[in-house]
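In what follows, a single structure is set out as C-alpha cells and then discussed.
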Amino acid sequence: RVWLMSASNQDYLTMPNRLLQRFALASFFYSTNGVNWENRSGWLSSGNECEWFSTAMDPHEVCDRENFVTSLDLQLNGLLGAIPSELAVLTRLSHLDLSGNHLYDFLPPLSLATSLKTLIVDDNDISNFLHDDLGKFTNLETISLNGNRLAGPLPTSLMNLTSLRVLSIASNFLGGTLHTEIGNLSALQLFDIESNDFTGQIPSQLSRVTSLIDLSLAHNGFAGTLPTELSRLTLLETLDLSYNSITSAIISEIGFMTNLKTVWLFENSFFGTIPLELGLLKDLKWLDISVNALQGSIPRQLTLLTGLERLHAAQNAITGKLPDAYPDKMALSTVDLRDNLLSGSIPSQAGSISVEFLDLSLNEELAGTIPTDVMESARYRAVIDLTGTSLGGKVFCLDEFTNKDGILRVDCGAVQCQGQ
C-alpha cells in the first residue's frame, strides 16, 4: 500500500522502525474508525507521517528530528473504538491527548513506560485504564482521565509515580478510601478527584504533598474531621472540599495557607465559629462556607481582605451584626448571607462596597433603615434580595430593569420601594 511504503522515500528501507511506525499509526487509524474522523487530512497518504493531521498542527510538535512520533494529539476528532495494542511500537511517544472522543478501551502498553510523560484522555468512555502496571510508567507527569467510566479503588501502584504533577480523574465512578500512600506523590501540583464515590476520612498523609497548588475532593463521600496537618500545604491556591459529609470545625491553622485564592467548603457539616485566621489569607478571592452548621459572628478580620471578591455564607446559624468597618477600596462584588440569624442594621460604612449581588434574605432580626449610600452604590447594577428581613426605609426597587449585563431583578421584600 502507498501509505505503508513509498519507493520515493528511502528512509523506510534503511530504517525499518519507521516502517513499523507507519504500520502502528495505520492500525490506530482503522481501530478508531478513522474514515469517519472529523479531520483525517494526510492520514494513510504517501507523505511523511509526521505531517498527517494532528491537533498540534506543527510537524515539529509531532515528531523528533529523526521523524519518530513523540506526540499524538487528536482531541475532539470523532475517534470511536479501542486503542490498538500496536501503539506499543511508538516507543518515543511522550505526549498523548485523545480527549473528547468515543474511545472505550485503553491499556497503555508497557513499551511506553519510559517515554510517556503526558496522558490526557478526558471525556471518553474508558473503563479499564487504571491497573497495577500503571506504577511502571515512572516518567508520567500528567494523567488526566476526567469524564470516563473508571470504577473501583485507585490502584496502589499509582502511588509510585513520584514524577506525577497532575492527577485529574474527576467525574468517574471511582470509590473506596484514599490510600495513605498518597503522600508519596511528592511532585504533585494538581489533584482533582471531584465527582466520584470516595469515602472515609481525608488522610493526613496528604499534607506531605507540599507541592500541591490545586486540590479538589468535591462531590464525594468524605466524612470525619478535617486534618490539621493540611495546613502544611502552604503553596495551595485552590481548596475545594464542597459536597461532602465532613463533620469538623474549620481548622484555625488554615491561616498558615497564605497562598489560598479559592476556598470552597460548602455543603458539609462544618461547625463552630468562622476562624479569625481567615483574615490572614491576603490573596483570598472567593470564600464559600454556605450550607453548614457554623455559628458565631462574621469576623471583622474578613473585611481586611481587600482582594476578596465573593463571600458566600448562606444557610448557617451565623449570629450578630454585620461588620461596621470596611476599607476604602474593597473588591467585594458578591455577598450571600441569606438564611442566617443576623441581627442589627446595615452599617452605613457598607456603602463603600460596590456590590453586584447582595442577598440578606431570611435574616428576620435584621432591622433599621437601609443606608442611602448602600443603595446608591448598588443602584442600576445590583441584584439585591432583602425578603424575610425587618429592614425599612425608602430605596430604589425596580421589579425589573436593564443594564449592560442584561435583565436583573431587585427584590426588596417588604421594604417600601420608590420607583424610577
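The values are calculated or read from the model by the stated rules, or taken from the named source; none is laboratory data. Because the structure is predicted, anything quoted here is derived from the model rather than measured. Ideal geometry is used to build each Cβ from the backbone, glycine not excepted, and the neighbour counts take in all protein chains shown. Quick note on the areas: whole protein, heavy atoms, side chains included, nothing else; ligands and nucleic acids left out. Shrake-Rupley method; radii C 1.70, N 1.55, O 1.52, S 1.80 Å.
Summary of values
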quantity	calculated
Sequence-distant residues sharing a close amide H with GLY344 (under 5 Å, placed H)	ALA367
Computed P(r) (all Cα pairs; the chain; 20 Å bins; percent)	23, 39, 28, 9, 1
Calculated FRET efficiency for the pair SER45/LEU80, C-beta based, R₀ 25 Å, to 0.05	0.70
Sulfur and carbon atoms: percent of accessible area, the chain [1.4 Å]	50
Dipole of the chain [Lys/Arg +1, Asp/Glu -1 at C-beta], most positive-end residue of ASN17, SER195, GLY224	ASN17
Within segment 286-348, trypsin sites (Lys or Arg not before Pro) in DSSP loop having at most 16 other beta-carbon neighbours inside 10 Å	LYS321, LYS329
Local electrostatic count, SER343, Cβ distance below 10 Å [Lys/Arg +1, Asp/Glu -1]	-1
DSSP-assigned coil residues among trypsin sites (Lys or Arg not before Pro) in segment 261-296, each with at most 13 further Cβ atoms within 10 Å	LYS282
Simple label model, 7 Å out from Cα along Cβ direction - THR210 to GLU38, nm	4.3
Average accessible area per residue (Å²) across the chain - probe 1.4 Å, nucleic acids and ligands excluded	44
Accessible area, probe 1.4 Å, largest first, for residues THR303, THR55, THR262	THR55, THR262, THR303
Magnitude of the charge dipole, the chain, Cβ model with Lys/Arg +1 and Asp/Glu -1, debye to 20	460
Amide hydrogen neighbours beyond the local backbone of LEU294, cut-off 5 Å, H modeled	ALA317
Segment 224-249 residues near the modelled THR273 label - backbone nitrogen below 17 Å, point 7 Å along Cα→Cβ	249
Two-site label geometry, ALA187 and TYR30: point separation in nm, points 7 Å out along Cα→Cβ	3.7
Computed FRET value (nearest 0.05) for LYS329 with SER252, which takes r as the C-beta separation and R₀ as 30 Å	0.60
Ranked order, TYR326, TYR243 - accessible area, probe 1.4 Å, largest first	TYR243, TYR326
Calculated [θ] (222 nm, deg cm²/dmol) that DSSP helices of n ≥ 4 give over the chain, each run adding -39,500 (n - 2.57)	-2000 deg cm²/dmol
Difference of contour (0.36 nm per residue) and Cα-Cα distance, ASP64 to THR162	32.7 nm
Per-pair calculated FRET efficiency, R0 = 56 Å: LEU20 and THR372 via Cβ, rounded to 0.05	0.10
Degrees, to the nearest 10: 16-31 long Cα axis against longest axis of the chain	50
Tally of Lys pairs whose C-alpha atoms are under 20 Å apart, taken over the chain, 8 or more apart or cross-chain	6
